[in-house]
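Following: one structure in structure tokens, then a few remarks.
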Amino acid sequence: MTLMTEPIVTSIPETAVANLMSYGLQTVEAGARLRDIAGWMRRVGHEGFPVMEGGRIVGLLTRRDADRAAEHGLLDLRARDIMIPGGVTVTSSDTISTLIQRMVETGWWQIPVVEGTEERPIGIVTRTDVLKFWASRGSPPAQDRFPDAQITQILGTSAGRMIGLIADLAAEMNLRVYMVGGVVRDLLLHRPNDDIDFVVEGPELGIAARRLASALAGRYGGTAHHHAPFGTSKWLIDSSSPQMQSAGLDPSALPDHIDLVSARHEYYEQPTALPSVYSSSIKLDLQRRDFTINTLAIQISPPAERGRLLDEFGGRADLDRKLIRVLHSMSFVDDPTRILRAVRYAVRLGFTIEPRTSELIDVAVQEKMLAQITGERLRNELTLMLEEENPAEGLLELQRRGALKGIHPAFVIRGDIAALVTIARRADFSAVTGSAAPPTTDILWHIIGGIID
């Protein structure tokens, strides 16, 4: 028998692993006992976890092997006892052909990415990443760039210029930054949106976002605030800042703050609890979001990638179909407030809740998941509903689905709620009180409280 000496992969462009990898990776220590890590591995949900010893990768522990050992009651075994041994890695500058060759030769379908002579782990690349890359070569996206001029046309001159300045500063700092979420969805729908959020990639949770927020405050005024547990930062814009004026920005046409969040993934320790988060890549960050139409992103830095539109989960297709589609079947169990959000988006955009998503909402309502949410979180979501142009339609749809009774058995809305909303919005309270009217949402809360049957 003649052994093959030719490379396994011969027709792949010399694209760098950096274009596929996910920043941040979850590892286990070689001496960790299975009883201490098995539950965590299931919650995180990855197929394999690099095993570390002395700061270096010494093996790969797969969930399959961990589950089999647990089924046999071998919970005192250490990670090193059941791992696949070896230090299989790639660098971000290695080519995809090298990566695939390594996968085929070793059977490792999750390859850690390392840097420097000390081989410090900075990320991971999986066979799913390779498959998506391969598929994209034959079917490039219909629109892979969103030009600055179009952003400015939809969001306005000042907002467009501000996004450009953030992109320029991120490029100076060598950061990979993406505009994400609702603003990208609305840009594709040609709808204005002043809630502008950015995700910053980096190997450590919160560090890159903190750096960028602080740099923006230093250059253009305002202040930077940080929340370390979730890797989030805010740049609070100072409307009187002379730096803003000299940059040609009109603060009155800008939001009062910009959110800058580290790319992160999450898992839920238990249903309805706030998630545990860890540093990750933009792809996994988008995967944790509520609906496909909110998983879209526009890259703004580095300059070579500026304007690149990311659509990892079929968000553009669902925008075209006018569908609200959830990303995974446990989504409403993990966070039941998404039930309220699904209805709110459907009413606002004139979209339909996709049939399977509708079934999952019904299951979560029947299982009384909404009753497990804190009052503060429910109030916040319902207040957002009341701020919509047509809150009555959303409330009545939630009632039809049993969601309001799922919050409280006495939460029942009368059928004439739409007329009462109209009256509240048109009423002249100053003639009675001699002062300015209270916020409309406060009035609507009083109305709802007064008409519950």
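The values are calculated or read from the model by the stated rules, or taken from the named source; none is laboratory data. The model shown is predicted, which means the values in this text are computed figures rather than measured ones. Every residue, glycine among them, receives a Cβ derived from its backbone with ideal geometry; neighbour counts consider all protein chains shown. Surface accessibility is based on the protein's heavy atoms, side chains included, excluding ligands, DNA and RNA. Shrake-Rupley method; radii C 1.70, N 1.55, O 1.52, S 1.80 Å.
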| query | Counting only residues 5 or more places away or on other chains, whose amide H sits under 5 Å from the amide H of I300 once H atoms are built in the peptide plane? | reply | V177, Y178, M179, G307
| request: Set the Förster distance to 56 Å, then compute FRET efficiency between R425 and R145 from the Cβ-Cβ distance, nearest 0.05. | output: 0.85
| said: Rolling a 1.4 angstrom probe over the protein chains, ignoring ligands and nucleic acids, what is the accessible area of W109 in square angstrom, nearest 10? | reply: 100 Å²
| request: May I ask you to derive the relative contact order of region 153-243, considering only C-alpha pairs under 8 Å and at least 6 residues apart, and to give it as an integer percent? | output: 21 percent
| query | For the chain, what's the relative contact order in percent, using C-alpha pairs closer than 8 Å and at least 6 residues apart? | reply | 11 percent
| said: From the protein chains alone at 1.4 Å, what is the descending order of accessible area for H408, H257, largest first? | reply: H408, H257
| said: Can you match Rg and Dmax of the Cα atoms in Å to one of these, (1) 21.5, 65; (2) 25.0, 97; (3) 21.1, 71, based on a calculation from the structure here? | reply: (2)
| Taking H as built 1.01 Å from N, whose amide H comes closer than 5 Å to the amide H of T15, not counting residues under 5 places away? | I96, S97
| How many Lys pairs in the chain lie less than 26 angstrom apart by Cα atoms, where the lysines are 8 or more positions apart or on different chains? | 5
| note | Counting only protein heavy atoms and leaving out ligands, DNA and RNA, the solvent-accessible surface of T152 at a 1.4 Å probe, in Å² to the nearest 10, equals 40 Å²
| request: Quick one: accessible surface of R264, probe radius 1.4 Å, all protein chains present, in square angstrom to the nearest 10. | output: 30 Å²
| query | How high is the FRET efficiency between R414 and V104 when r is their beta carbon distance and R₀ equals 60 Å, given to the nearest 0.05? | reply | 0.40
| query | How do D76, D335 rank by accessible surface area computed with a 1.4 Å probe, from largest to smallest? | reply | D76, D335
| query | Taking the Cα centre of the chain as origin and charging only Cβ (+1 Lys, Arg; -1 Asp, Glu), how large is the dipole, in debye to the nearest 20? | reply | 460 debye
| task | Keeping every protein chain in place, order K283, K322 by accessible area at 1.4 Å, biggest value first, i.e. largest first. | result | K322, K283
| Helical contribution to [θ] at 222 nm, DSSP H n ≥ 4, -39,500 (n - 2.57), averaged over the chain, rounded to 500 | -12000 deg cm²/dmol
